[in-house]
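Inspection log for the structure reproduced underneath, given as structure tokens.
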Amino acid sequence: MTSPSPSARKGLSKIACNRLQKELVEWQVNPPAGFKHKVTDNLQRWVIEVNGAPGTLYANETYQLQVDFPEHYPMEAPQVIFLPPAPLHPHIYSNGHICLDILYDSWSPAMTVSSICISILSMLSSSTVKQRPADNDRYVKNCRNGRSPKETRWWFHDDKV
Amino acid sequence: MAEEEVAAEVEAVEAVYGEDCVVLNPFPPHLKVHIKPRTADVSSQQFVEATIGIQANSKYPDEPPIVTIVDSKGLDEQRQNHLITSIRDRAAELSSCLMLVALCEEAVEKLSSMNHPDGDCPLCLYPLLVEEEGSTSMPFMKLMSCFHCFHCECIIRWYSWLQTRKEVDHDNTAGRHEDEDNKGQCPVCRKVFLPKDIEHVLHLAGTSDFSSVENDVVDEEDILLSNSEKERRQKFEAILKLQQENSGLIEPKRHEVLLPGVYLPRPAPTPAAISDKEAKDQQSENAAENSGTTPGGSSNRPSTSKHRNFPAKKHYRGRGRNPGKNASKWTPKESGAAS
Ligand SMILES: [Zn+2]
Ligand SMILES: [Zn+2]
């Protein structure tokens, strides 16, 4: 999953650029605990290292998030996926797609990369079992052509995890 | 102390705060008082408010009452803590005196000193108020339902984006229910607001036709080139110029501007206009607060208030607060998953 997503193909708008630069500065001053931004010269794609929180199933494990920003960020949500190998988690597919509402329907432009990271870490930390989603194979097969998770219509249903 | 004396004190609080005071229990006193800053008789100049709960036990006033913030607007966690701490400190100071009125006064005092929008615009992350000499602030506005503040330009851009999106989604060309379809949600707390809540800004900026400019995804360049956008820009710039001299708020219906805690010269409609001394006190206090804020300090980040304010949507997922709770699952919908 390293090809640019369709929504990130276009360059960033000026507004998106300004906002991301601001977020980057803020991140450098005050990074969310457990995360490390891998510095590149690409403002439109951030690669972020995630350290599993101590005392959780993912303690001492390190994963990488790839965040691609669309032209009209923050009006549109960024595309956030785990680079392989993705953590074993009931809401994370083996292709790195993450089933988290704020990345899709519940996105708000007042959210930041930092707040997304905190949500993802919270999602990891709350897991009680290391396993793939039940429909993992079918979903991943359907995504073979490199589809962005943002094109998936995520369907919520109650489930006691 | 005699029960009658305490009862008389409760009556005194009721007399001072009128409808803003709800007595849940006369003895031992349990009150809820809605506190507004002293400078806020004009609602558009009010940026904070709080409802505090004061609950005493039968040993009151030998034991101070328990004070809590039941509800608040415009206060992030840090400012809420500041408020509650100062009230509790006051309670400790006044130990074994009748203190209900004094505690409410302390709350009014603190809220008055904090009656300015706090921190950055949650959309662009740049400060709402620029305090440095020589620099100018962008016009900003406040959503009346929740007191969250945004640069006018930022919230209009986002609102227009939403409207454009809805048009694409629903493809509805006629018979729109204005209020239903044009509802917006505060980007910070998701409280619903109606078009009228921001129409004063739309009007000022001449953007009422903004949302219908494109029927596809809005492209920044196209908008910049379109005539209506040029017109909008010109109007916006005129307003900007007007505001730049004073830096500040664009308010519903009026063209006033505002400095934190200070009324600009205009006929005061109420006797509660702030005195010069108070204004100075507030300014220095504001300055002190601001100098103590590191750039990008966590207290000012929209994420901070968001953590607190997001109402738990049905499929809301915990944000680092309650890991393990609200565990819920999303799966790809069949129709979307099949390619
Ligand atoms: Zn802004
Ligand atoms: Zn709000």
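What the table shows:
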item: Filter pass, A:HIS72 being in contact with a helix residue (DSSP H, G or I) (Cβ under 8 Å, 6 or more places away or on another chain) and farther than 20 Å from A:LEU24 by Cβ; result: no
item: B:PHE150 being at pLDDT below 90 and closer than 25 Å to B:LYS36 by Cβ; result: no
item: Options B:CYS154, B:CYS149: the member that is open to solvent by less than 10 Å² (accessible area, probe 1.4 Å), under 20 Å from A:TRP107 (Cα atoms) and within 16 Å of ligand 2 (Cβ to nearest atom); result: B:CYS154
item: Count - residues of the stretch A:118-134 that are closer than 18 Å to A:ASN95 by Cβ, open to solvent by 10 Å² or more (accessible area, probe 1.4 Å) and part of a helix (DSSP H, G or I); result: 0
item: Subset of the stretch B:86-122 [farther than 22 Å from B:HIS30 by Cβ and in contact with a strand residue (DSSP E or B) (Cβ under 6 Å, 6 or more places away or on another chain)]; result: B:PRO117, B:ASP120, B:CYS121
item: Condition broken by A:LEU121, with the remaining ones in (1) more than 10 Å from chain B (Cβ to nearest Cβ); (2) in contact with a Gly (Cβ under 8 Å, 6 or more places away or on another chain) satisfied; result: (1)
item: Residue match in the stretch A:36-55 (condition: under 27 Å from B:CYS186 (Cβ atoms), open to solvent by 10 Å² or more (accessible area, probe 1.4 Å) and in contact with a Phe, Trp or Tyr (Cβ under 8 Å, 6 or more places away or on another chain)); result: no
item: Strands (runs of 3 or more DSSP E) completely within the stretch B:47-145 that count 3 or more residues being more than 16 Å from ligand 1 (Cβ to nearest atom), more than 14 Å from chain A (Cβ to nearest Cβ) and open to solvent by 10 Å² or more (accessible area, probe 1.4 Å); result: B:49-55, B:66-73
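The values are calculated or read from the model by the stated rules, or taken from the named source; none is laboratory data. Source: prediction; values computed, not measured. Cβ: placed from backbone, ideal geometry, glycine included. Neighbour counts: every protein chain shown. We work out accessible area using only protein heavy atoms, side chains counted, and drop any ligands, DNA or RNA first. Shrake-Rupley method; radii C 1.70, N 1.55, O 1.52, S 1.80 Å.
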